[in-house]
Amino acid sequence: MIKLLPLLVLGLGFYVFLRFAALSSGSALRARSRPLSHDTLEAIVQRLAHAAGIEQVEVRVLEDPIINGVATPDGGIYVTAGLLQRHREGALTAPEVGSVVAHELGHLALGHTRRRMIEISSAQTASVLLGGLLARVIPFIGWYLAQMLISLFVSRLSRRDEFEADAYATALMLRSGLGHEPQASMLEKLERLVPGARLQAGASWLASHPPVQDRAAAIRENARRWQEGAGS
């Protein structure tokens with residue numbers, strides 16, 4: 001037990017550090033962002049807020065050229081300047097941009113952002129502890145093996161969260177009258193707008209996320225089932 005004490009202390013240190021970093025990320029993003037100022041998009045955001053039973057949703061624009069949407073543990077929702085630029089160029093419609101906001105609302109409503117903060121902190125701590133134990137049995141390789149196992153576990157949780165947030169967003173898009181198709185087409189357009197999106201989408205749409213085609217198919221299937229159920 002005494003020999004394991006340094007690993008336990010190191011693991012606890014990682015956990016505390018990552019919790020602090022996650023909590024402060026919202027403030028950092030807010031400092032790098034500006035309020036959304038776009039009449040059409042703001043109207044869509046308010047339609048989504050009304051559909052979600054929320055009085056108002058603040059969306060801020062993050063000064064980043066990539067195509068992305070982000071929800072933070074403190075409840076913030078951000079879209080990137082790169083996403084808005086594609087809309088100004090005509091590559092993305094306003095409802096397609098709105099579907100990104102709906103997806104991030106799903107992460108917040110389902111508690112994904114706060115849970116992910118805990119999961120990542122716990123995973124990093126587990127990686128340190130497991131790596132230390134395996135390194136005693138398999139020198140050098142033990143650390144890499146531990147990181148690989150933990151990464152696979154976190155990736156599986158991430159894929160689950162994306163499908164859940166997509167389903168929530170589809171319900172919002174339908175309830176707000178925007179329809180589900182802009183959400184599915186937004187994902188499909190990533191295949192040509194974002195290199196490698198066929199395999200992975202996002203940062204909210206990035207690594208360790210389900211393939212774009214799988215997500216789009218799930219969105220259309222959910223919408224079909226719900227619409228058939230409402231009509232019966």
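We did not get these values from a lab; they are worked out from the coordinates using the rules stated. This is a predicted model, so every value here is computed, not measured. Cβ atoms come from the backbone with ideal geometry, glycine included; neighbour counts cover every protein chain shown.
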Check your understanding: What length, rounded to one decimal in nm, is gained on full extension from His50 through to Ala91, with 0.36 nm per residue of separation minus their alpha-carbon distance?
Key -> 12.1 nm
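Shape call for segment 42-104 from the C-alpha gyration tensor, a ≥ b ≥ c root eigenvalues: rounded (a/c under 1.5), prolate (a/b greater than b/c) or oblate?
Since a/c reaches 1.5 but b/c is at least a/b, the shape of segment 42-104 is classed as oblate.
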Practice item. Run the quick spin-label model on Gln213 and Ala43: label points 7 Å from Cα toward the beta carbon, then report their separation in nm to one decimal. Key: 3.7 nm
Point to revise | Protection proxy ranking of 182-193, 51-62 - average other beta-carbon atoms within 10 Å, highest first | key: 182-193, 51-62
Review point. Summing +1 for each Lys or Arg and -1 for each Asp or Glu, what net charge is found among the other residues whose Cβ lies under 11 Å from the Cβ of Arg60?
Key: +1
Review point. Using 17 Å as the cut-off for backbone N distance, which residues of segment 79-98 belong to the label zone defined by a point 7 Å from the Cα of Glu181 along Cα→Cβ?
Key: 92-98
